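First the structure, in the form of structure tokens, and then the observations on it.
The values are calculated or read from the model by the stated rules, or taken from the named source; none is laboratory data. Note that the coordinates shown come from a computational prediction; the quantities given were computed from them, not determined experimentally. Cβ: placed from backbone, ideal geometry, glycine included. Neighbour counts: every protein chain shown. Accessible surface is based on the protein model in full, side chains and every heavy atom, while ligands, DNA and RNA are left aside. Shrake-Rupley method; radii C 1.70, N 1.55, O 1.52, S 1.80 Å.
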Amino acid sequence: MLDKTVQEAINNQIGMEFSSEYVYLSMSAHFEHANLPGFARWMRLQSGEEHTHAMRLFDFVNDRGGRVVLQAIAQPQSEFGSPLEVMQKALEHEQKVTAAINSMYGVAMKENDYATIAMLQWFVNEQVEEEKTASLVVEQLKLIGSDGPALLLLDRELGARQPGADGEADAEAGAE
Ligand SMILES: [Fe+2]
Ligand SMILES: [Fe+2]
């Protein structure tokens, strides 16, 4: 049985993952509009991954006999500046998510909830990747500066992103 404080923390995190899905989808729409289809595709896949994160937590709460309570999703920002500003926002967002996951981990530790701790390990590792990826694009955009052709090259590179393995794993988990 899931402890009430742990359940509340996970429900909050489910809300945060769905908010992330929405934030990145809004960024994807912005990039489509800005004629950067590679950035747009990257953000759209990112958005889809956030959905799988939310569902991973959703399934966990249900598996533990807990009660999922979905929260309202705030309207995401729709007007953005340069690609660098967008990616900096994405990085800051991931840093906030990392802090939230760390505090959720703390709640689970306090309650000696080993199943939740084990489940959250995946998220701790995932956040290392998330921050690393966003920060790499931020740094590359800084190098690019106002070099248009270089920006278009990066757009092509980001457009080559393929759906992540965790999304597929989640689809399998859902089929069980
Ligand atoms: Fe996430
Ligand atoms: Fe993320």
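Considering Ala173, Ala134, which residue is open to solvent by less than 20 Å² (accessible area, probe 1.4 Å) and either modelled with pLDDT of 95 or more or away from ligand 1 (no atom under 12 Å from the Cβ) (or both)?
Criteria check complete, one pass: Ala134.
List every residue pair whose Cβ atoms sit under 8 Å apart, with the two residues 6 or more apart in sequence or on different chains, where the first one lies in segment 55-83 and is under 16 Å from Ser26 (Cβ atoms) and the second, anywhere, is of a type in the set (D, E, K, R) and open to solvent by 80 Å² or more (accessible area, probe 1.4 Å).
Between residues of segment 55-83 that are under 16 Å from Ser26 (Cβ atoms) and residues that are of a type in the set (D, E, K, R) and open to solvent by 80 Å² or more (accessible area, probe 1.4 Å), the close pairs are Gln77/Lys89; Phe80/Lys89.
Mind listing whichever residues of segment 137-159 are open to solvent by less than 90 Å² (accessible area, probe 1.4 Å) and either at pLDDT below 95 or of a type in the set (S, T, N, Q) (or both)?
Residue satisfying the conditions is Gln140 alone.
Does segment 17-48 hold any residues that are surrounded by fewer than 21 Cβ atoms within 10 Å (Cβ to Cβ), in contact (Cβ under 8 Å) with a residue 60 or more places away in the chain and within 14 Å of ligand 2 (Cβ to nearest atom), and which are they?
Leu45, Gly48
Check whether at least one residue in segment 2-12 is out of contact with any Gly (no Cβ under 7 Å at 6 or more places or on another chain), closer than 16 Å to Ala90 by Cα and open to solvent by 10 Å² or more (accessible area, probe 1.4 Å), and report yes or no. Can you show your working first?
So the first thing to find is which residues in segment 2-12 are out of contact with any Gly (no Cβ under 7 Å at 6 or more places or on another chain), and the list is 3-6, 8-12.
So of that shortlist, the ones also closer than 16 Å to Ala90 by Cα come out as none.
No, every residue in segment 2-12 fails to be out of contact with any Gly (no Cβ under 7 Å at 6 or more places or on another chain), closer than 16 Å to Ala90 by Cα and open to solvent by 10 Å² or more (accessible area, probe 1.4 Å).
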